[in-house]
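Report on one structure; see the data block that follows.
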Amino acid sequence: MEADGRATRAIPDAQGAARLVVPERCRRANCPLVIVSHGRGGQALDGITHPPFDTLVDAIDVQGYVLLLSNDGGQETWGSPGALAYIRRVYRAARPHFQGDGRIYTLGISMGGLPATLTAYRQTLGVKVRATAIVAGRVNLSDAVRTSVRRAASVRRAYGAASLAGHDPVNDFATFPGRWTPLLTVVSPQDTAVRSAANGVRLAHLARGAGASVRVIQVQGPHLSRGYMNADIGRQIALFFKAHP
């Protein structure tokens, strides 16, 4: 139990524990769940111990959302089959430990944009994801591979012998059964690490063209700067989720 009334619980898994965060109001009432995926090199605990990340997600749970901080199966899993299977496992393991109202949302930070959108678009949980949000989100896997030798090697390690086909939110968009999922994307023209034009802005264009509800929030600053990671962005994400019950 934290001083602010949040209850946190580890959800064990062989590929790293997830963290369930239940705000005080959600111990007395049924609440929706937000599954949060971390950036490259991160871990589930970032949502509790890393100040900018913590500030962002705290502004979401205080609006009446339970958070499942995913470990995504490792630090550099790039939306791989293993990452999606991990999220499905910890989601199922977490369900007995909070009072859910049936609504599920996903949120991805940087590389976490891949598992967050793929969980929604591929419908891997067996239940509908009501909306998804990405902050500085990497959602163009082909672009990630093409523009950096080191990233390409990291992606190949994550996927092993598995194909990348069907794991690219931008380039495989038309194939996904959940492509109409409402989408919020937070982008910055100064972000050179994850180029918005090829990632969040491009995905927003595709989703809008498919008829999905889309909101683009443009901020200022480099990748994962405080322009991205702050309480106001967290509040706007929560409001977007609330608008898509």
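The values are calculated or read from the model by the stated rules, or taken from the named source; none is laboratory data. These numbers come from a predicted model, not from an experiment. Here the Cβ positions follow ideal geometry from the backbone for every residue, glycine too, while neighbour counts run over all protein chains shown. Surface areas here come from the heavy atoms of the whole protein model, side chains and all, with no ligands, DNA or RNA. Shrake-Rupley method; radii C 1.70, N 1.55, O 1.52, S 1.80 Å.
Specify which of the listed residues (Ala29, Ala10, Ala14) is aliphatic (A, V, I, L, M), assigned to a strand (DSSP E or B) and open to solvent by 40 Å² or more (accessible area, probe 1.4 Å). It is Ala10. Here Gly102 passes the criteria (1) assigned to a strand (DSSP E or B); (2) crowded, with 24+ Cβ neighbours inside 10 Å; (3) on the phi > 0 side of the Ramachandran plot except the one numbered (2). Of all residues in segment 4-15, those that are within 12 Å of Leu68 (Cβ to Cβ) and at pLDDT 95 or above have Cβ atoms under 8 Å from Cβ atoms of residues that are hydroxyl-bearing (Ser, Thr, Tyr) and not in a loop (DSSP other than H, G, I, E, B), 6 or more apart or on another chain, in Asp13/Tyr86.
Listed conditions (1) of a type in the set (A, V, I, L, M); (2) part of a strand (DSSP E or B); (3) open to solvent by 70 Å² or more (accessible area, probe 1.4 Å) are all met by Leu184, apart from (3).
Looking at segment 203-236, which of its residues are touching a residue at least 24 places away in the same chain (Cβ under 8 Å), open to solvent by 20 Å² or more (accessible area, probe 1.4 Å) and either of a type in the set (Asp, Glu) or not in a loop (DSSP other than H, G, I, E, B) (or both)?
Taking segment 203-236 first, the residues touching a residue at least 24 places away in the same chain (Cβ under 8 Å) are 203, 206-207, 210-236.
After this cut, where a residue has to be open to solvent by 20 Å² or more (accessible area, probe 1.4 Å) as well, the list is 206, 210-211, 213-216, 218, 220, 222-227, 230-232, 235-236.
Across segment 203-236, the qualifying residues are Leu206, Ala210, Val214, Arg215, Val216, Gln218, Ala231, Asp232, Arg235, Gln236.
Restricting attention to segment 129-154 and to residues that are among the basic types (Lys, Arg) and open to solvent by less than 60 Å² (accessible area, probe 1.4 Å), the residue that is farthest from Leu206 (Cα to Cα) turns out to be Arg151. Ala198 - would you say it is open to solvent by less than 60 Å² (accessible area, probe 1.4 Å), more than 16 Å from the chain's Cα centre (by Cα), at pLDDT 95 or above and over 23 Å from Arg122 (Cβ atoms)? In short, no. Of the residues making up segment 65-99, those that are open to solvent by 10 Å² or more (accessible area, probe 1.4 Å) and either at positive phi or touching a helix residue (DSSP H, G or I) at 6+ places or on another chain (Cβ under 6 Å) (or both) number 4. In the condition set (1) surrounded by fewer than 20 Cβ atoms within 10 Å (Cβ to Cβ); (2) in a loop (DSSP other than H, G, I, E, B); (3) touching a residue at least 60 places away in the same chain (Cβ under 8 Å), Arg157 is compliant with all but (2).
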